[in-house]
Each structure stands twice: as structure tokens, then as C-alpha cells.
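Here the structure is laid out as C-alpha cells; the discussion comes afterwards.
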Amino acid sequence: MLPIFLLTLRQLSGKWRLTIMSLLALLPVVVGVLMVSFEDAPSVADFEIGVLSSILAGAISPLVVLAIASAAFANEIEDKTLANLTLAPIPRWQIVVPKLLAAICVAGPFMAISAFLTGYFAYSADIRAALAVTAAVVVGVALYSSAFVWLGLKTTRAIGYGLLYIVLWEGFFSSFVMGVRLFSVRYFSIAWMHWFDARRFAGFDDFSFGFTVVASVAVFGGFLLLSIRRLRYMDVP
Amino acid sequence: MTTNGAAPVIRVDHVSRWFGSVVAVSDVTFDVTPGITGLLGPNGAGKTTLLRMMTGLTGTSDGTVTVFGEPVRRNPPLYGRMGVMSEHETVYGFMKGRDFVRMMGRLRGVTDEAAVDKAIGFVDLADAAHRPLGTYSRGMRQRMRLAATLVHDPEILILDEPLNGADPRQRVHFQTLLRQLAAEGRTILLSSHILEEVEQLADTVLLIVNGKLAASGDFRAIRVALDERPYHVLVVSDSPRELAAAVVRLESVDAVNVDPDGTLVVLSRNVRDLQIELPRLAQSAAISLRRVEPLDDSLESVFGYLVER
């Protein structure tokens with residue numbers, strides 16, 4: 001699996017892609033710092049809704065992951081190099097898993113740094129809270145990665161469909177339709193954050209820990225299985 | 001349909017493939033045995049689709065493809081015995097040639113660095129192996145791709161238009177390599193749309209036209225059939241009717257048709273003799289020949305003839 005992991009890592013680390021990711025990842029930090037520097041700084045709850053949930057977990061994180069994870073297979077399909085991998089005598093999961101891990105490894109550090117700095121500045125240098133925000137975003141990166149790797153395998157219009165999903169599902173419906181939150185990676189991410197630092201986020205309206213774990217595993221594992229199945233049955237260009 | 005007496009390594013059995021309403025391959029059956037087999041056909045004939053089904057990259061709409069008696073589709077363990085070089089020349093441009101061959105080897109269970117050296121040496125690219133693939137010429141890329149295809153010492157080689165982009169010297173080098181590999185007992189199937197290319201390399205040939213198997217077998221037998229086919233030759237002269245009356249008496253001519261514009265279309269099964277006799281005849285009758293042109297010398301017409309036979 002190592003050769004495919006290293007190959008994908010190199011493929012996803014293009015200069016332009018990393019530059020755009022860096023700029024995107026910087027955005028929540030800037031917004032967070034600006035918000036807390038005003039005299040009427042937002043409460044913990046308002047900051048969570050305005051920045052952590054809406055911008056960090058619901059917009060920037062999925063956008064960065066979409067740009068990375070959807071390309072894990074889409075680039076190979078477009079370049080017609082995927083056959084180099086699929087014609088190897090290895091099970092399909094040994095192709096999908098290293099590609100997924102590489103996508104997480106490329107997107108993860110950017111979002112982790114972004115989340116840590118946002119949490120650190122927002123919560124007055126509270127390391128535990130900053131780490132909770134970081135860990136939650138990393139979980140979100142893993143879940144989004146699994147979904148977007150599959151999307152990149154499924155369609156050549158992964159970016160378009162991915163953007164629709166981010167804007168409509170994670171942005172609009174999950175904010176205004178209560179039931180949709182049960183199927184929203186953004187809200188799973190926030191629930192993880194609450195669990196990682198129950199002290200600061202005590203008393204927040206939340207999913208149960210059990211549900212959060214099951215839902216996260218279902219999303220990650222479900223899309224991983226779908227990707228493996230897709231690679232097994234698709235016509236490789 | 002068998003190509004020679006040896007046991008088949010690849011068996012294509014009543015295979016069809018369609019994409020929506022477009023039929024790319026229609027009810028094709030043949031076996032491939034050790035040695036070099038050429039898959040010949042004009043562009044768009046269905047060669048690549050057929051090869052992709054034979055490598056398991058694409059499924060069949062109908063029929064089966066087996067390699068060593070096993071279904072090839074969704075059978076990764078079988079891929080270790082096959083080396084496939086697709087028509088797409090895209091490579092990982094950032095990757096050094098040697099790293100590419102090494103990676104392809106690792107994915108196929110080869111950890112021995114000597115195997116990488118051997119494969120690169122075989123295509124004579126040891127000096128360029130440290131350079132990124134993006135800096136290679138088209139011919140060099142093809143050769144390094146062949147090295148990557150050979151690194152795990154496969155029993156079967158499936159090569160889709162492998163000589164594309166190669167200059168004459170590289171072409172000869174490539175052909176020598178393939179003959180050497182075939183002499184070692186491998187089964188090599190290569191596709192091409194160039195008749196002479198396949199003629200120089202392949203012991204047996206499979207002719208694909210419009211998604212159907214038009215002919216298969218020994219290349220010499222097909223060559224004889226090609227030599228016997230009738231040709232239409234367009235002749236423009238200053239006295240078409242006089243020339244037609246004279247030409248029709250030649251032994252090499254089967255029929256003559258005079259178009260309303262005065263153009264002659266001569267049907268001949270012996271163009272070689274016609275080439276000699278026609279100028280002589282025109283000269284003795286004091287007729288000026290303005291234009292003599294074969295009408296069906298294209299590869300498509302050659303294939304078309306074989307299909308109709």
C-alpha cells in the first residue's frame with residue numbers, strides 16, 4: 001500500500017492546490033481573531049455557531065477536503081493512469097485505503113493548524129478547548145475525505161456535486177431543517193468537539209456520544225466500502 | 001476460432017460490448033496462443049475496447065473472456081501474470097523513470113532491485129532512468145512504460161498500439177525486443193492500425209473491422225487474399241472512349257466503366273500488370289493519360305474487402 005500512498009501524496013501536493021488550501025485555511029483564523037477582538041465579543045455559543053460550525057466545520061473544512069480528496073482518483077481517471085494501479089494483483093481495498101489516507105494526510109494538517117489557531121485565539125489561549133476544536137475538525141476531515149474520495153470515483157463532476165452538497169446540505173438544510181442534522185458531517189464534527197472538551201462546552205444541545213460514534217463510523221466506513229465497490233465494478237479508463 | 005495449434009492462453013468467446021446504442025464489439029470469438037499475435041484494424045474498429053475487455057479493465061456486455069482458463073474481469077490475482085501497456089501515453093511526469101518502474105514492480109510483488117535494473121536495461125534506458133518521465137521524448141516514454149510492463153516478468157503481454165510515436169530507429173529496437181520476448185515463450189498480443197507494422201512482427205493476425213472479427217490466422221494467407229482483391233483504378237485521358245475500348249481487352253482488366261464526365265474506372269485483379277500495360281497501350285494509341293489513381297488503397301477499403309469475402 002505504501003507505493004500508492006506515496007504516489008497519491010505527491011499527486012495531491014501540487015503547488016497551486018497547497019497555496020489555495022493555505023489561504024482557505026487561514027480564513028477561519030482571521031474571522032475568529034476579528035470577532036473576539038471586538039469589544040462586544042461573542043459568547044462561546046455564538047462563536048461556535050458563527051465560526052466553528054458555519055465557517056470552519058461547515059464550509060472551509062469540506063471545501064479544502066473536496067479539493068483534495070475528490071482528486072485522489074479523479075486525477076488518475078482524467079490522466080488515464082488509474083489502470084497502472086487497477087491492473088496490479090492486489091485487492092481493491094489496498095488501492096482505496098492508501099488513497100484515502102493520503103487525502104486525509106494532505107488536508108488534515110492544514111485544517112488542524114487552522115482549527116487549533118482559531119480555537120486558541122477564540123478561547124483565550126485555552127489549550128484544551130483548542131485541541132478539542134482541532135480533534136473535531138480532523139474527524140470531520142476524515143469523514144468528508146471518505147465521502148469525497150467516493151465522489152471522485154463516481155463522477156467526473158465531483159467538484160460541482162461536492163459544492164452543491166456543501167452549500168445546500170451542510171450549509172442550508174442542516175441549519176434550518178432539524179432532522180437533517182442527524183445526517184450532517186458538520187454536526188457530527190461539532191458533537192465530537194463537545195465531547196472532547198465537555199468542560200467548556202457543557203450544556204450544549206447535542207447528539208449523544210454513542211450516536212456520534214456510530215454515525216461517524218457509518219459515514220466513514222460506508223463511503224469507504226462504496227469506493228471499494230465502485231473501483232471493483234467500474235470500467236477503468 | 002483458433003490462430004494456431006497451440007493451447008489457448010486467452011480465450012475470447014462470443015464477446016460483445018455496446019455503449020448505449022453504439023456497438024463497439026459484436027460477437028467476437030478467437031483464441032490467442034503463445035507467440036506474437038497482431039490485432040489489426042482501422043481506427044475506431046473496436047481494437048482498444050477488445051483489448052480492454054481482455055485485460056479486465058472493461059466488462060463485456062455479452063460473452064466471456066478467460067485467461068489461463070479463468071475469467072479476467074475482477075480477478076486481481078491473475079493480473080500478476082499479465083503485463084498491460086495501454087494506448088494512453090500519460091505518465092506520472094514528476095516521477096523518475098526508475099521510480100516508476102520500481103513502483104510498478106512493487107505493486108506486482110517485485111522487491112528485487114535487480115529486476116528493476118533488468119527491465120530498464122532491456123529497453124536500453126539505464127542512462128535516462130534518473131530523469132523525471134516528464135522530460136522524456138514520446139518514444140522514451142513508451143520504452144520506459146514497456147520496462148514497467150515487463151518488470152514482473154509476465155507470461156502475457158498485451159500492448160495497445162505500442163509503436164505509436166516511435167521513430168524508425170526506436171521502432172526497429174522495439175520490434176527486436178518484442179521478438180526476443182516472444183522467443184522466450186511469452187504470449188504477446190499487440191494492436192495496430194498499420195498493416196506493415198503487424199506484418200513485420202506478428203506470426204498470426206486478428207483483423208477487426210466495425211467491431212467484428214473479419215479474418216484471423218496466418219498473416220501470409222491474409223496477405224494472399226489481399227493480393228487477390230480487385231482494385232478500382234481511376235483513369236483520366238484525352239480520349240476516354242477509345243481508351244476504354246482498348247483497356248477492356250487487357251488480361252489484367254476485369255471491367256471498365258466510363259463515367260458521364262469521361263472518367264474511366266477500371267476494375268483489375270492484377271494491378272501490377274495494369275501498371276505496366278496501361279502506359280504502353282496509351283502510347284501505342286497516341287492517347288494522353290492525365291491522371292491514374294487507385295481508388296481503394298486505403299486501409300479501410302482493404303479491411304472492407306476482407307469483411308465482404
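The table that follows gives values for the structure above.
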read-out: Coil-residue trypsin sites (Lys or Arg not before Pro) of segment B:47-111, DSSP, other Cβ within 10 Å capped at 11; value: B:R74
read-out: C-alpha long axis of helix A:93-122 to longest principal axis of chain A, angle in °; value: 20
read-out: HN-Hα J in Hz across segment A:53-65 - Karplus 6.51, -1.76, 1.60, θ = phi - 60°, x for Gly and Pro; value: 7, 6, 8, 6, 7, x, 10, 5, 4, x, 5, 4, 5
read-out: Peptide-level mean, for B:48-57, of C-beta atoms on other protein chains within 10 Å; value: 2
read-out: Kirkwood-type radius of the protein assembly as shown, with distances r between different C-alpha atoms, in Å; value: 27.6
read-out: Chain A: most fluctuating residue of A:F173, A:F116, A:F220 per GNM, C-alpha cutoff 10 Å; value: A:F173
read-out: Mean separation of Cα contacts under 8 Å (6+ apart) over length of chain B, as relative contact order %; value: 20
read-out: Percent of C-alpha pairs per 20 Å bin, chain B, short to long; value: 29, 45, 22, 4
read-out: Whole-angstrom gap from segment B:71-93 to segment A:17-54, using each part's C-alpha centre; value: 47
read-out: Cut-off 15 Å between beta-carbons: net charge of the residues surrounding A:A142, Lys and Arg +1, Asp and Glu -1; value: +2
read-out: Whole-angstrom gap from segment B:275-291 to segment A:163-190, using each part's C-alpha centre; value: 84
read-out: Within straight-line cross-link reach of B:K47, lysines at Cα separation under 23 Å, skipping those fewer than 8 residues along the same chain; value: A:K80, B:K212
read-out: Straight-distance crosslink candidates among aspartates and glutamates, where the alpha carbon sits under 15 Å from A:K99 and sequence neighbours closer than 8 are dropped; value: A:E76
read-out: Rounded to 10°, Cα long-axis angle of helix A:209-233 versus longest principal axis of chain A; value: 20
read-out: Amide hydrogen neighbours beyond the local backbone of B:V84, cut-off 5 Å, H modeled; value: B:I158
read-out: Sequence of B:M103, A:M193, B:M53 once ranked by neighbouring C-beta atoms within 10 Å, starting from the fewest; value: B:M103, B:M53, A:M193
read-out: Degrees between helix A:185-196 axis and first principal axis of chain A (Cα, 0 to 90, nearest 10); value: 60
read-out: Cβ-based net charge around A:M35, under 15 Å, with every Lys or Arg adding one and every Asp or Glu removing one; value: -4
read-out: Straight-distance crosslink candidates among aspartates and glutamates, where the alpha carbon sits under 17 Å from B:K96 and sequence neighbours closer than 8 are dropped; value: B:E113, B:D117, B:D124, B:D127
read-out: Largest-first principal axis extents, alpha carbons of chain A, Å; value: 60, 36, 29
read-out: Net charge over other residues, Cβ less than 14 angstrom from the Cβ of A:V180 (K, R count +1; D, E count -1); value: +1
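Laboratory data are not the source of any read-out in this text; all were calculated from the coordinates shown. Bear in mind that the values here come from a model prediction, so they are computed numbers and not experimental data. Cβ: placed from backbone, ideal geometry, glycine included. Neighbour counts: every protein chain shown.
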